[in-house]
Every structure is written in structure tokens, then in C-alpha cells.
Amino acid sequence: MYYYLNGTLAELSVNMAVIDCGGVGYLLTISGTTYDTLVKKGGMTASGEASGTKVKLYTYQAVREDAIELFGFYSMNECNLFKLLITVSGVGPKAAMAILSALSVESFVSACAANDAKAISRANGVGLKTAQKIILELKDKVAKGFDMSGDVLDSVSPAGNAYVPSSVTGEAIDALCVLGYTTAEATKAVKACSGATVEDIIRQALALLMK
């Protein structure tokens, strides 16, 4: 199974990319989010053709009786979310890619935290009931399963008092961990925020973390 492909971007369209690795062209199905990122990173010329720039895409290989398909993702977080989405009964690779095209990883995490099924149902071919099922099955996994850092929560504030996250700040910390930040980084950023909702806190915390 391929973990990632690192090569030259030979072709690029809204839902497809071809990466040339040592003279072999690998066709990958990509999300709208990955496409937009590749374009922003200079992956397309002014004439609308692939620029031939060097790229690295994380991959997932789907094997069916009649076909083998490679899916490509610009970030590991997006790839991991795709793998989670297809564990939900009734959500196949096509629906998962539609969700990742309609929502960034950050937006999906926020939607799950806020139980916002309508946001997820905006994805092409994903109904409201399916979106509700996705939130029901993945909310806890999104909050817990993406923290791969292994860092221990920094539970002591600078003043020496124990810091105990509320349900809102706790969800915000979990969401930031999904985006790739360590628990310590997420906790420090959230403690500096004053938002009233999970979405507000995540937005403020990201602004601090990206400085």
C-alpha cells in the first residue's frame, strides 16, 4: 500500500491529479480542498495546465473487485479524516471526497463539535440523515482519535492553579489536536481565547497558533 507519492505534478483538474514518480504517472482522485491547495502552491500555470512543480500527496488505496483507485490528499489530517469517514456505514469513498471538497478538516471538526449536520449535508450527495449519522458515529473519534502526538496535557497554569477545561474549551482543544497541534499547544492557545462558542474559540486559537 502506498503511504504517499512524492514527484512532479504532471496533470491537474478539479478532482484528479497525476504525479510523475520516476517516469511512472500515478493517477489520484483528489478532493476540492486538495485541488485548491495545489493551485495556491503554484501547481497550475496561467494557461490552466499543471506546472510540473514538485508535490507530495498522502494516499489511500481502495481495492474493489473491478478496480483499484488511489486517493490523494495534500495533508495527513485530510487523509486520516477520509479514512474515518469511510468507516461510517453508507459512506463510501465518493461521499467522503464530496464532504472533503465541501468542508476543510477544520470546518468538519467544528461542524461535529457543534452538531451541525446541515453544514455536512451541503456536500454533494450527502443527505441530512447521513450527516447526522456521521456526527453520531465520528464525533468522539474526531475528538480523540486524531491526537497522534502523545504529548501529556499541560494541566498547570502559569499561576500554579490547575487548569480544567470546560466542555466548550475541551472540545476546542480536541478540535485543534485533530488539526495537527499538540495537546500542550492547543491548551495554551485556548486558554488565551475569550470566545463563547467552540467555533469562536477555534477561530481565535488558530489565529494565535498561526502567528
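Descriptive notes on the structure:
- Surface listing: 31, 75 arranged by accessible area from highest to lowest gives 75, 31, probe 1.4 Å.
- Residue order by solvent-accessible surface for 11, 65, 106 is 65, 11, 106, largest first, with ligands and nucleic acids left out and a 1.4 Å probe.
- Loop-located trypsin sites (Lys or Arg not before Pro) across region 27-132 with a Cβ neighbour count of 10 or fewer within 10 Å are 64, with loop assigned by DSSP.
- Entries of 83/133; 83/188; 40/118; 83/139 with Cα pairs more than 18 Å apart: 83/188; 40/118
- Relative to the Cα centre, the charge distribution of the chain, modelled as +1 at Lys and Arg Cβ and -1 at Asp and Glu Cβ, gives a dipole magnitude of about 200 debye.
- Set of aspartates and glutamates with alpha-carbon distance to residue 129 below 18 Å, sequence-local pairs under 8 removed: 116, 137
- Aspartates and glutamates whose Cα lies under 12 Å from that of residue 94, excluding same-chain neighbours fewer than 8 positions away: 69
- Accessible surface area normalised per residue over the chain is 53 Å², counting heavy atoms of protein chains with a 1.4 Å rolling probe.
- When the charge dipole of the chain is built from unit charges on Cβ atoms (+1 for Lys and Arg, -1 for Asp and Glu) and taken about the Cα centre, the candidate among 5, 170, 38 whose Cα reaches farthest toward its positive end is 170.
- Solvent-accessible area, 1.4 Å probe, carbon plus sulfur percent, for region 24-95: 51 percent
- Once all protein chains are placed together, residue 193 keeps about 20 Å² accessible to a 1.4 angstrom probe.
- Take every pair of alpha-carbon atoms less than 8 Å apart whose residues are at least six positions apart; their mean separation over the length of the chain yields a relative contact order of 14 percent.
- The chain - mean residue ellipticity at 222 nm from DSSP helices (-39,500 (n - 2.57) per run, n ≥ 4, rounded to 500): -13500 deg cm²/dmol
The values are calculated or read from the model by the stated rules, or taken from the named source; none is laboratory data. Predicted model only: the values in this text are computed from it and were never measured. Note that each Cβ is placed from the backbone with ideal geometry, even for glycine, and that neighbours are counted across all protein chains shown. When the accessible area is computed, the model is the full protein with side chains, heavy atoms only, and any ligands, DNA or RNA have been set aside. Shrake-Rupley method; radii C 1.70, N 1.55, O 1.52, S 1.80 Å.
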